[in-house]
Amino acid sequence: MIVVQEQDFDLQHEYAALRQDCPSIGAIVTFVGLMRDFNDGDNVKSLFLEHYAGMTENVLADIVEKAKSRWNLQAVRIIHRVGNLLPSDQIVFVGVSSAHRGDAFSACEFIMDFLKTQAPFWKREQTEQGGRWVDARRSDEDSAQRWEK
C-alpha cells in the first residue's frame, strides 16, 4: 500500500495491517519520520510539502518493487504526508514485514534512502528569517548510492 495524503496516520493501525495474522511473518520493521523544529542552524516554524500527484506514487511503487526483488518481503506500507506540517508532526511512515529481521531492516532502510533521493517531493520551510526551499542533502545521496555497490 502506498498513500500520499494530508491527514495524519495511526501507527497502531499501520502495524496491525502489516501483521495480517500471517504466521510466516517473523519481523516487522517500521520507520516514522517527524518534522524537526530546526534545520541548517535555524529554527523552523513549519514545513510545506508539495508533490507531483501520480508521478510520486509511481516512483514509490518502483522503489517498493526494487526492494521486493532484493529481499523476501511479505508486505510493504508507505504513507507520506503533504501540505503544511508543524514541528513534531509525523511526515512519513515506512513499514515492512518479512520472515526474517535482516530482510525487514534492510528493505526498510533501502526504501527510505531511495524515497529521500528519488521521490518527487518539494519542501518549503518557514523560518524566523522567512521562507526557503530545502535542497537535497549530499548525505541522502551517499546513503542511496551505497545500495548500488
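The values are calculated or read from the model by the stated rules, or taken from the named source; none is laboratory data. In this text, all values refer to a predicted model and were calculated from it rather than measured experimentally. Here the Cβ positions follow ideal geometry from the backbone for every residue, glycine too, while neighbour counts run over all protein chains shown.
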Residue satisfying condition, being modelled with pLDDT of 95 or more and buried (at least 17 other Cβ atoms within 10 Å of the Cβ), within set THR30, THR56: THR56
Candidate set: region 13-39, residues that are over 17 Å from the mean Cα position of the chain (by Cα) and of a type in the set (S, T, N, Q); chosen: the one nearest to HIS100 (Cα to Cα): SER24
Every residue from region 119-144 that is surrounded by fewer than 15 Cβ atoms within 10 Å (Cβ to Cβ) and assigned to a helix (DSSP H, G or I): ARG138, SER139, GLU141, ASP142
Some residue of region 71-80 being modelled with pLDDT of 95 or more and part of a helix (DSSP H, G or I): no
Flag if ILE25 is in a strand (DSSP E or B) and either touching a residue at least 12 places away in the same chain (Cβ under 8 Å) or in contact with a Lys or Arg (Cβ under 8 Å, 6 or more places away or on another chain) (or both): no
